[in-house]
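The values are calculated or read from the model by the stated rules, or taken from the named source; none is laboratory data. Everything numeric in this text was worked out from a predicted model, so none of it was measured. Please note: Cβ atoms are built from the backbone with ideal geometry, for glycine as well, and neighbour counts cover all protein chains shown.
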Amino acid sequence: MIKTFFERMRGGEASPPRKPFSKIAWSWLGAFIGIYLVSVLSRLTTADLLDSLFLVGSFGASAVLIYGAPQAEFSQPRNLLGGHILSAIIGVTVYKFVPLDIALLGALAVSLSIVAMHFTRTLHPPGGATALIAVIGSSEVQSTGYFYVVSPIGVGALIMLLVALVINNLSSNPKRHYPRYWI
């Protein structure tokens with residue numbers, strides 16, 4: 001039994017080949033424009049970009065998915081928007097109403113977000129970071145309460161989605177289209 005357990009960790013398949021340069025270029029362009037637009041919006045609303053309420057770390061991971069792997073299930077609009085928004089609601093709720101140590105709150109927010117995303121078919125891995133940021137973020141983030149769900153999360157995810165719709169459909173490659181589905 002133990003031997004089998006460790007044998008599973010060996011893998012066995014070869015690493016997939018590198019993607020074609022055109023796919024890499026489209027991914028770069030989408031990520032650059034998406035994150036840049038969210039950053040510009042942040043700059044317009046606050047003096048210090050590092051204290052901005054529009055730019056959150058989980059958007060970097062979302063950019064990898066929606067621009068780098070637009071066909072993946074995790075990258076679809078319902079997953080992007082639903083995963084972030086649902087996780088933000090859970091993160092804020094856990095922080096506001098559960099009187100536990102911050103380490104337990106973070107673990108609870110992330111794990112409950114995963115369960116909720118599974119049940120709602122909105123699994124988006126960066127959603128876990130969105131929930132965690134609501135718990136361990138700066139006092140400025142925590143003071144926004146449920147507004148965190150709207151801004152930065154809802155507004156930022158929507159901006160990134162709009163960019164993904166444009167960039168991922170500009171390519172002449174029939175396999176590079178977005179989205180695969182909405183609902």
Handout entry: Pair list, Cβ under 9 Å, 6 or more apart: region 13-36 residue exposed (fewer than 11 other Cβ atoms within 10 Å of the Cβ), other residue at pLDDT 90 or above
Key = Arg18/Ile24
Fill in the blank from the handout: Within region 3-46, the residues that are more than 22 Å from Tyr178 (Cα to Cα) and within 20 Å of the chain's Cα centre (by Cα) are Ser39, Val40, Leu41, Ser42
Handout entry: Complete set of residues in region 136-183 that are in contact with a Gly (Cβ under 8 Å, 6 or more places away or on another chain) and over 19 Å from Ala109 (Cα atoms)
Key = Ile159, Met160, Val163, Ala164, Ile167, Asn168
Fill in the blank from the handout: How many residues of region 137-181 are surrounded by fewer than 19 Cβ atoms within 10 Å (Cβ to Cβ) and in contact with a His (Cβ under 9 Å, 6 or more places away or on another chain)? The answer is 3
Practice task
Filter region 17-55 for residues that are modelled with pLDDT under 90 and in a loop (DSSP other than H, G, I, E, B) and give the result.
Solution key: Thr46, Ala47, Asp48, Ser52, Leu53, Phe54, Leu55
Exercise for the section: Could you check, for region 81-90, whether at least one of its residues is at pLDDT below 95, buried (at least 20 other Cβ atoms within 10 Å of the Cβ) and among the aliphatic types (A, V, I, L, M)? Expected result: no
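Condition check ((1) at pLDDT 95 or above; (2) part of a helix (DSSP H, G or I); (3) small (Gly, Ala, Ser); (4) under 17 Å from Leu65 (Cα atoms)) across all residues:
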site	(1), (2), (3), (4)
Leu105	yes, yes, no, no
Ser111	yes, yes, yes, no
Val115	yes, yes, no, no
Thr122	yes, no, no, yes
Thr130	yes, yes, no, yes
Glu140	no, yes, no, no
Ser151	no, yes, yes, no
Leu162	yes, yes, no, yes
Asn173	no, no, no, no
Problem - Residue check for Leu81: assigned to a loop (DSSP other than H, G, I, E, B), aliphatic (A, V, I, L, M) and touching a Gly at 6+ places or on another chain (Cβ under 8 Å) - result: no
